[in-house]
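Below is one structure, written out as structure tokens, with a few remarks after it.
The values are calculated or read from the model by the stated rules, or taken from the named source; none is laboratory data. Given the structure is predicted, the values throughout are model-derived calculations rather than measurements. Quick reminder, even Gly has a Cβ in these numbers, built from the backbone with ideal geometry, and neighbours come from all protein chains shown. Please note that ligands, DNA and RNA were not included when accessible areas were found on the heavy atoms of the full protein model with its side chains. Shrake-Rupley method; radii C 1.70, N 1.55, O 1.52, S 1.80 Å.
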Protein chains: 2
Amino acid sequence: MNEKEQRLRRPWQELDRDIAQQDREAVARCLRELGSDQCTHAIARLSEERQAELFGMLEPGQGAVLLQALPETQSARILHSVSDATAARLLEQLPSDQQADLLNQMPRRQADRILAVMRPDQAAEVRQLLRYARDSAGGLMIRQYLAYPADAEAQQVLADLRMHADRFRKYDVQYIYVLDGDGKLVGVVRQRDLLLADAKQPIVTLAVPNPVGVHVHTPLEELERLFDLYPYYGLPVLDEAGRLVGVVRRQDVEKAGEERTGRSLLKLAGIVGGDELRSMPWRVRAAKRGSWLTINLFLDLMAALVIAAYEDTLSAWVALAIFLPVLSDMSANAGVQAIAVSLRELTLGLLRPADVWHVVRKELTTSLFNALLLGGCIGLVAWWWKGMPLLGVVVGAAMALNLVIAACVGGVLPLLMRWLGQDPAMASGPILTTITDCCGFFLALQLARLALPYVG
Amino acid sequence: MNEKEQRLRRPWQELDRDIAQQDREAVARCLRELGSDQCTHAIARLSEERQAELFGMLEPGQGAVLLQALPETQSARILHSVSDATAARLLEQLPSDQQADLLNQMPRRQADRILAVMRPDQAAEVRQLLRYARDSAGGLMIRQYLAYPADAEAQQVLADLRMHADRFRKYDVQYIYVLDGDGKLVGVVRQRDLLLADAKQPIVTLAVPNPVGVHVHTPLEELERLFDLYPYYGLPVLDEAGRLVGVVRRQDVEKAGEERTGRSLLKLAGIVGGDELRSMPWRVRAAKRGSWLTINLFLDLMAALVIAAYEDTLSAWVALAIFLPVLSDMSANAGVQAIAVSLRELTLGLLRPADVWHVVRKELTTSLFNALLLGGCIGLVAWWWKGMPLLGVVVGAAMALNLVIAACVGGVLPLLMRWLGQDPAMASGPILTTITDCCGFFLALQLARLALPYVG
């Protein structure tokens, strides 16, 4: 196998070796030869130390482009691993909202050290943004926007734009904001309207008056709904006094929405913090998963206490032990279905914490049908398998009842978590399985104890 | 309680009543008074028949704005429920990519009927789009864009834009495309560069040459990576011959990405198709969940067969039955963690189906630590609880081994599913639990059978 073939087959090994050998040119060539998505994949396969070495070797501009192509969690960990100076140079190449996002994910002290070596003007901008919650308009906005006083004429604005063409080209803004004397927003002009304007027209006459604006503390959910409703590329962000302080862009809101949905998926599956990547050190990964599994173990043992309380029943009727894990697994599945639908509906704004009774009613109708069907199924299986009709009745009835309980509890848990201010994705699962296991085992074993005297 | 209070507390009941009474004015007032997010919430609480009645009553323009604020699944179901003529009128108000998305989710015949009553020019556009897969550049693109020949002068373009200002205002496009005589794309002009141009300049000199373009069949994952890499608002979409056929916008790509992540979450949790909403009829919801639960039941019973094969061991050592559900639940949890991380990494492009060995290695190191810890824990609990050291060894060893198996199997399953062309989110869960249950029960019961002769 010649070198060319080897490179084609395993680009990350090539990259890994070039980095280890501190061969800047080979690294640059290797990254150029890989497509953008291959780059992401190759970098994900490197250890975190290698990733840090890589970004220490690259030009800040090139490094920043790569960082933007990586998942945010990975970018944050890379900045965490490189030197403060390197991190500052990389960050300086990014838009201010991304700077704030990444610094937000670092320990406070390190973020302060990096800010101290960043360009003072940029550092001051980011410090402003860091005051706002990550998933709010203030945390998502960029500070680069174009604003002119209301009485400026179209040709004056165009002349100014031409004079500062460089800055204008760099600014990723589709609108020109019109401000009154106090810096308050009075209108928004689209680039296209400026294109079509007469030279002497004051820009305020081109502007859409009373534009849709958001407050710095407007949460992500509300921003998503606004962008769903309006076709705008960005919305002006206003402070308490109604002064324009930034622009929140559609792309940043949609990206933040997807990040959150992705984190929900991982949290629901029991990844603490919702952001594991396999390039993280194994200790970090083991801790994220282990802490969760340990809690589950103790919750599972609580449910096992229910079985232990019926050991005499179980000794007398060992066949029941075959069906207890089935009962536990089916109930968990039915409950998790309901949890996932509630999580999704909460995210989409279709459901609110107060809608408990609505969810219970909806879950009851859906689950009753499945409960009767599946309870009947397993009842018949148990009867036929062990030749004991009473075993079938006990197992089937416990299954049917518990499936209904699981669906209702699962549907309501995320609402309750949200209402308590907890993360609905993280805690719902283990609480659900503890409840459904305890209920299920109790139902099956108590019914069995009642039925035992009649077993031939 | 007066009427005002009642409205403040339950807007959907108000809306429901107004629709039932066919009171158009009251409905319009009610929607106006609710904010945008309250509208989404109120509509989600209506039955599907009421939703259909509502959209039958609204002006198409107003209805279309509402439709865009709703989740796509819900919008599609609403169009499915209203008359074909109403659906056509509503669809005509939407951009062509959304028309195609919604028609894609309907039965083929109904889509054809609706297309037949739509405006012929729009219907032709949508038929074009429907030829492409939903999550490809062709399926996501819009057909409304601005293009001019290479030798047009800046002032000619501006004059044309002014003449067609209405159309230009409606077009949601940030770039002007420059075509050669064959309709092939030779460059892209940004609005801002046109603003800054001299009157006589041919637009080709303003254009970025060799612009980034995508092929109609470029998949969503690739589009996401391109938009991560480049700051553009849209990318030109080219057909096989390199001719410009549409524009795919950042916002549509990011929205499609979030829809897919959301569907993954629901699929992983066992919602068939990944798109249940509680406003759907209970039969549809019961079928989605029930089909999944039925498959799980039979898989669970397969695992139960393993227990059944060891009934004699279990009779001799009933305490084991307490720990079997714990073993089953813990293994499932550990496996689902690994599944979720693999799903996420697959989506982000950090992982490919060929990376099986990489995943196994990473899962081994992480899980070994947790396995020893948790296996040790439950072993000690079993020993102390029942006063039998051998029970502790059996339960602890089975738990530790099975946690490692679960993490490796869970990590690899989504890769295998993707490689087989299956949806990795849907099938991975039940296959995992079947494997981990069979392995776990076998390990625990076989170890117990070996240990039984030594139990005092």
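Things to note:
- Checked against (1) open to solvent by 30 Å² or more (accessible area, probe 1.4 Å); (2) more than 18 Å from the chain's Cα centre (by Cα); (3) more than 9 Å from chain B (Cβ to nearest Cβ), residue A:237 passes all but condition (1).
- Criterion violated by residue A:351 - all others in (1) assigned to a helix (DSSP H, G or I); (2) open to solvent by less than 40 Å² (accessible area, probe 1.4 Å) satisfied: (1)
Conditions (1) open to solvent by less than 30 Å² (accessible area, probe 1.4 Å); (2) within 11 Å of chain A (Cβ to nearest Cβ); (3) under 22 Å from the mean Cα position of the chain (by Cα), marked per residue:
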site: B:34; (1), (2), (3): yes, no, no
site: B:52; (1), (2), (3): yes, no, no
site: B:70; (1), (2), (3): yes, yes, yes
site: B:104; (1), (2), (3): no, no, yes
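- Where a residue in the range A:123-139 is under 16 Å from residue A:88 (Cα atoms) and among the small types (Gly, Ala, Ser) and its partner, wherever it lies, is open to solvent by less than 20 Å² (accessible area, probe 1.4 Å) and modelled with pLDDT of 85 or more, with Cβ under 8 Å and at least six apart: A:123/A:115
- Flag for residue B:322 being more than 9 Å from every other protein chain (Cβ to nearest Cβ) and part of a helix (DSSP H, G or I): no
- Count of the range B:196-233 residues which are facing chain A (nearest Cβ under 9 Å), in contact with a Phe, Trp or Tyr (Cβ under 9 Å, 6 or more places away or on another chain) and either without any contact (Cβ under 8 Å) to a residue 12 or more places away in the chain or farther than 30 Å from residue B:347 by Cα (or both): 1
- Residue among A:148, A:132, A:175 that alone is buried (at least 17 other Cβ atoms within 10 Å of the Cβ), closer than 26 Å to residue A:68 by Cβ, of a type outside the set (D, E, K, R) and in contact with a strand residue (DSSP E or B) (Cβ under 8 Å, 6 or more places away or on another chain): A:175
- Going through (1) in contact with a Leu (Cβ under 6 Å, 6 or more places away or on another chain); (2) without any contact (Cβ under 8 Å) to a residue 40 or more places away in the chain one by one, residue B:448 falls short only on (2).
- Selection status of residue B:18, acidic (Asp, Glu) and open to solvent by less than 20 Å² (accessible area, probe 1.4 Å): yes
- Among the criteria (1) touching a strand residue (DSSP E or B) at 6+ places or on another chain (Cβ under 8 Å); (2) more than 9 Å from chain A (Cβ to nearest Cβ); (3) within 26 Å of residue B:68 (Cβ to Cβ); (4) without any contact (Cβ under 8 Å) to a residue 60 or more places away in the chain, the one residue B:250 does not fulfil is (2).
- The residue that is nearest to residue B:258 (Cα to Cα), among those in the range A:266-288 that are outside any loop (DSSP other than H, G, I, E, B) and open to solvent by less than 10 Å² (accessible area, probe 1.4 Å), is A:266.
- Here A:303, A:321, A:308 are screened, and the one residue that is in contact (Cβ under 8 Å) with a residue 60 or more places away in the chain and not β-branched (Val, Ile, Thr) is A:303.
- Hits in the range B:335-356 (condition: at the interface with chain A (Cβ under 10 Å from one of its Cβ atoms) and more than 18 Å from residue B:260 (Cβ to Cβ)): B:335, B:336, B:337, B:338, B:354, B:355
- Pairs where the first residue, in the range B:368-380, is closer than 16 Å to residue B:436 by Cα and assigned to a helix (DSSP H, G or I) and the second is open to solvent by 50 Å² or more (accessible area, probe 1.4 Å) and not small (Gly, Ala, Ser), C-beta under 8 Å, 6+ apart: B:371/B:401; B:375/B:401
- In the range B:422-456, the residues that are farther than 20 Å from residue B:307 by Cα and either surrounded by 20 or more Cβ atoms within 10 Å (Cβ to Cβ) or at pLDDT 90 or above (or both): B:424, B:425, B:426, B:428, B:429
- No other residue among A:359, A:409 is more than 12 Å from every other protein chain (Cβ to nearest Cβ) and either buried (at least 23 other Cβ atoms within 10 Å of the Cβ) or under 17 Å from residue A:335 (Cα atoms) (or both) apart from A:409.
- Residue B:90 being closer than 24 Å to residue A:222 by Cα and within 27 Å of the chain's Cα centre (by Cα): no
- Test result for residue A:437, within 12 Å of chain B (Cβ to nearest Cβ) and touching a residue at least 60 places away in the same chain (Cβ under 8 Å): yes
- Taken over the range A:289-313, residues that are more than 8 Å from chain B (Cβ to nearest Cβ) and either open to solvent by 30 Å² or more (accessible area, probe 1.4 Å) or of a type outside the set (S, T, N, Q) (or both) amount to 10.
- Against the test of being more than 10 Å from chain B (Cβ to nearest Cβ) and open to solvent by 30 Å² or more (accessible area, probe 1.4 Å), the options A:316, A:397 yield a single qualifying residue, A:397.
- Of A:419, A:384, all but one fail to be without any contact (Cβ under 8 Å) to a residue 60 or more places away in the chain and open to solvent by 10 Å² or more (accessible area, probe 1.4 Å); the exception is A:384.
- Scanning the range A:265-282 for residues that are more than 7 Å from chain B (Cβ to nearest Cβ) and at pLDDT 85 or above yields a single hit, A:267.
- The helices (runs of 4 or more DSSP H) found wholly in the range A:78-171 and carrying at least 1 residues that are closer than 30 Å to residue A:201 by Cα occupy A:154-163, A:165-170.
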